[in-house]
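To keep things clear, I will list the structure first and then write my remarks on it.
The values are calculated or read from the model by the stated rules, or taken from the named source; none is laboratory data. The structure displayed is predicted, hence computed values, not measured ones. Cβ: placed from backbone, ideal geometry, glycine included. Neighbour counts: every protein chain shown. To get the accessible areas, we keep the full protein, side chains included, count just its heavy atoms, and leave off ligands, DNA and RNA. Shrake-Rupley method; radii C 1.70, N 1.55, O 1.52, S 1.80 Å.
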Amino acid sequence: QVQLAESGGGLVQPGGSLRLSCAASGSIFSINVMGWYRQAPGKERELVAGITSGGTAYVADSAKGRFTISRDNAKNTVYLQMNSLKPEDTAVYYCYGDRASRRFWGQGTQVTVSS
């Protein structure tokens, strides 16, 4: 089993920044892709960003130019730096990790962008 623990969510004003962290523990051998989804009230969960163990990153169009994903393999941690936040970024952000054919999820962290 793999456990994923997110941190860094909170309330921020429009235009502000937050950095989310997700630390993996447990059977972390061969976790390939790690990243973030988000789910806003009444909407489907959507992929925000992902990064492979080799550092190849993907960022959704809605986040390009504002969000940056990075990974510290030594710490088994993935980060999501979110800048220029907008009210429409408000959602629960879920960390995920893929190992072989299994996907593991964190419990989610709330991000609220509001004045």
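Within the range 28-50, the set of residues being in contact with a strand residue (DSSP E or B) (Cβ under 6 Å, 6 or more places away or on another chain), open to solvent by 60 Å² or more (accessible area, probe 1.4 Å) and more than 14 Å from Y94 (Cβ to Cβ) comprises S30, N32. Checking the conditions here, which among A49, A63, A40, A5 is more than 21 Å from V113 (Cα to Cα) and of a type in the set (A, V, I, L, M, F, W, C)? Result: A5 is the single residue among A49, A63, A40, A5 that is more than 21 Å from V113 (Cα to Cα) and of a type in the set (A, V, I, L, M, F, W, C). State yes or no: is R103 within 20 Å of G8 (Cα to Cα) and among the charged types (D, E, K, R)? Answer is no for this residue. Within the span defined as the range 6-28, every residue fails to be without any contact (Cβ under 8 Å) to a residue 60 or more places away in the chain and of a type in the set (D, E). None of S53, S17, S25 is among the hydroxyl-bearing types (S, T, Y), loosely packed, with under 14 Cβ neighbours inside 10 Å, within 17 Å of the chain's Cα centre (by Cα) and closer than 17 Å to E88 by Cα except S17.
When residues in the range 76-115 are screened for being closer than 19 Å to I51 by Cα and either basic (K, R) or touching a helix residue (DSSP H, G or I) at 6+ places or on another chain (Cβ under 6 Å) (or both), 3 of them pass. Can A100 be described as farther than 27 Å from G26 by Cβ and hydrophobic (A, V, I, L, M, F, W, C)? When the stated conditions are applied, A100 does not pass them. If you go through the range 64-105 and keep only what is outside any strand (DSSP E or B), aliphatic (A, V, I, L, M) and surrounded by 19 or more Cβ atoms within 10 Å (Cβ to Cβ), you end up with just L85.
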